[in-house]
1. Check segment 344-360 and report whether any residue there is open to solvent by less than 10 Å² (accessible area, probe 1.4 Å), touching a Pro at 6+ places or on another chain (Cβ under 9 Å) and either under 23 Å from residue 265 (Cα atoms) or touching a residue at least 40 places away in the same chain (Cβ under 8 Å) (or both).
2. Residue 215 versus (1) more than 30 Å from residue 299 (Cα to Cα); (2) open to solvent by less than 30 Å² (accessible area, probe 1.4 Å); (3) not small (Gly, Ala, Ser): which is the lone unmet condition?
3. Tell me, yes or no, whether segment 379-392 has at least one residue that is among the aliphatic types (A, V, I, L, M), surrounded by 15 or more Cβ atoms within 10 Å (Cβ to Cβ) and over 27 Å from residue 265 (Cα atoms).
4. Determine which member of the set 276, 300, 254 is open to solvent by less than 80 Å² (accessible area, probe 1.4 Å), polar (S, T, N, Q) and free of Cβ contacts under 8 Å to residues at least 60 places away in the same chain.
5. From the list 294, 323, exactly one residue is within 21 Å of residue 262 (Cβ to Cβ), in contact with a strand residue (DSSP E or B) (Cβ under 6 Å, 6 or more places away or on another chain) and basic (Lys, Arg). Which is it?
6. Is it the case that some residue within segment 285-292 is more than 30 Å from residue 249 (Cβ to Cβ), in contact with a Leu (Cβ under 9 Å, 6 or more places away or on another chain), touching a residue at least 40 places away in the same chain (Cβ under 8 Å) and not in a loop (DSSP other than H, G, I, E, B)?
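The values are calculated or read from the model by the stated rules, or taken from the named source; none is laboratory data. Every value quoted in this text rests on a predicted model; they were computed, and no experiment measured them. Note that we place each Cβ from the backbone using ideal geometry, even for glycine, and neighbour counts take in every protein chain shown. Keep in mind that these areas ignore ligands, DNA and RNA; they rest on the heavy atoms of the full protein, side chains included. Shrake-Rupley method; radii C 1.70, N 1.55, O 1.52, S 1.80 Å.
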Amino acid sequence: MEVCVSSTKLLNLNENTRNFVPRNSISHSLKNPILQFNSNVQKRPLNYPLNQRSCFSRQIRSLQRPISSRIKASPASSATSGSETDKLPADIMVTETQEPNSRVRLSVEVPAAVGEDCYKRVLKEFMKQAKIPGFRPGKIPESILLNYVGEESVQKATVESILKRTLPHAMSTVTGRALRDSVRIITKFSDMEKNYSSLSSLSYDVIVDVAPEVKWISENGYKSMKIVVEIDHDIEAEKACEQEIKRRHKSLGTLKIVTDRGLQVGDLAVLDISATTIDQDESNVQKVPAAESKGFQFDTEDDDKVLPGFLDSIIGIRQGETKSFPYVFPETWQQENLRGVEAQFTVECKELFYRDLPELNDSIADKLIPSCTNLNQVKESLLQKCQEMEQAAKDQATDNAILDQLCKMVEIDIPQSLFEEQGRQLYGARLLEIQASVKLNEQQLATLSSPKAVNEFLENQRENITNLIKQNLAVGDIFKRENLQFSTEELVKEVQNSVAEFKRNKQEYDEERVREQVQDVLEGAKVLEWLKEHADIQYVTR
């Protein structure tokens, strides 16, 4: 029944529940059901705190480099490495032009002397490899060699040689700023060939993304942040503990069919529900698909999870009976298209049960929690876990609030390549999660992995992806500004833990990327810790 309020099961404290881990541990997992909280935060899955292991693990599994690994890039891309020491017979001219999205255009002018030197090198190489009857290798006249291999082939090879030798020199102007794997020669190769053949010189343009500058709207404003953190009242330890004891007590009962009365609080009913809009013009009456449900199992003690007032409208309904009643959806209802809509509900009670519960006393303590001998021990054990859960949820919400605030405090011109890589990384993580829960066949996987599907995701999640990048870059900037550090022991330990996790799951991994990811996580943890110490934080209960 989609008209039910989506709720988070805050507690599932059976004996298989993993032990709590201190908040400052990277291994702290958000996927533990008892650590889930605050539905508003959960609706922003891309807005994760950097010091949480689950997010770290999801990113690593996609085996893509983190943002920092691209920003901490070498002067030239892998395509230009290995040629940086090759001296040229004449200097090239490079004109740098700033473009939007932290992009730089390099216009490169290669003098004829460089082209001539490259031409001679190419001829020399061809002479070594060519086997022409009557001539020894390396002693072939130029005219004969050109006829043998073709002038066009020599020209193409010369242009390639010019690019290979001059690109590293051109890239030296963006040393320390260029992002890895973002270098693109945008001049067509055919145009370069024409240019070279007519002028014996060459010019071409290169586009490269550079590390974006983090501009703080208020310089040092992050040092005195004022944060308001909203906490869901359902995570209050005392209340959560009571709810969990009640849930466990209910699980010990047996369901029995109600035969002599109507529905009352405490019962469980199986309902068929339908609804139509109310309109004076009957031709405009429409079904409300979100309200339709067959065999809906309604626990009357969970009435906060359905439409407000729904339970009051069906109290007293008997098995086999049908009730019809008007209802106006609240203006605050989560589905915007239903807010304020007048509807006529029809509810048929298919089955009706009550719970036959054992008395809640010391005699059932060991059934609530094995090894407990009385209710006080049960309450103490659950309360301790709930308090830890409450603190974990509070810390989580605080981290999210700080990261959200950081986004509003910085202006960053994000390179497109960085946006696309972060988005693809997140999309890959989503696919892994889907595949883990639903076994996808090859066709489904191919469809979900298609460029169209990826691009749609990037566009739909543009704001979230952008905010995530801004958060990461802002955190990295604060880490450097405040000279924060973490120990080598912490880094080594977490890398070992992550590698062990990969091996345990028999997954391939790149240890260098793992190390980079761990470093990002540790930096984020240190920054969040520092920000919380210096921020004015106010907690408000919803």
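1. Keep residues of segment 344-360 that are open to solvent by less than 10 Å² (accessible area, probe 1.4 Å), which gives 345, 347, 349, 352.
In the following step, the residues that additionally are touching a Pro at 6+ places or on another chain (Cβ under 9 Å) were identified as 345.
With the extra rule that they be either under 23 Å from residue 265 (Cα atoms) or touching a residue at least 40 places away in the same chain (Cβ under 8 Å) (or both), the set shrinks to 345.
The answer is yes; a qualifying residue exists.
2. (2)
3. First, the residues of segment 379-392 that are among the aliphatic types (A, V, I, L, M): 382-383, 389, 392.
Filter once more, so that each one left must be surrounded by 15 or more Cβ atoms within 10 Å (Cβ to Cβ): 382-383, 389, 392.
Subset that is over 27 Å from residue 265 (Cα atoms): 389, 392.
Looking through segment 379-392, at least one residue is among the aliphatic types (A, V, I, L, M), surrounded by 15 or more Cβ atoms within 10 Å (Cβ to Cβ) and over 27 Å from residue 265 (Cα atoms).
4. On the way: 276 fails: free of Cβ contacts under 8 Å to residues at least 60 places away in the same chain; 254 fails: free of Cβ contacts under 8 Å to residues at least 60 places away in the same chain.
Result: 300 is the single residue among 276, 300, 254 that is open to solvent by less than 80 Å² (accessible area, probe 1.4 Å), polar (S, T, N, Q) and free of Cβ contacts under 8 Å to residues at least 60 places away in the same chain.
5. Details: 294 fails: within 21 Å of residue 262 (Cβ to Cβ).
Just a single option satisfies the conditions, and that option is 323.
6. yes
For every residue, the table says whether it meets (1) assigned to a strand (DSSP E or B); (2) of a type outside the set (Asp, Glu).
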position: 334; (1), (2): no, yes
position: 348; (1), (2): yes, no
position: 364; (1), (2): no, yes
position: 371; (1), (2): no, yes
position: 390; (1), (2): no, no
position: 394; (1), (2): no, yes
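Each row is one residue, and each column tells you yes or no for (1) crowded, with 16+ Cβ neighbours inside 10 Å; (2) closer than 19 Å to residue 222 by Cα; (3) touching a Phe, Trp or Tyr at 6+ places or on another chain (Cβ under 7 Å).
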| residue | (1), (2), (3) |
| --- | --- |
| 489 | no, no, no |
| 494 | yes, no, no |
| 510 | no, no, no |
| 516 | yes, no, no |
| 524 | yes, yes, no |
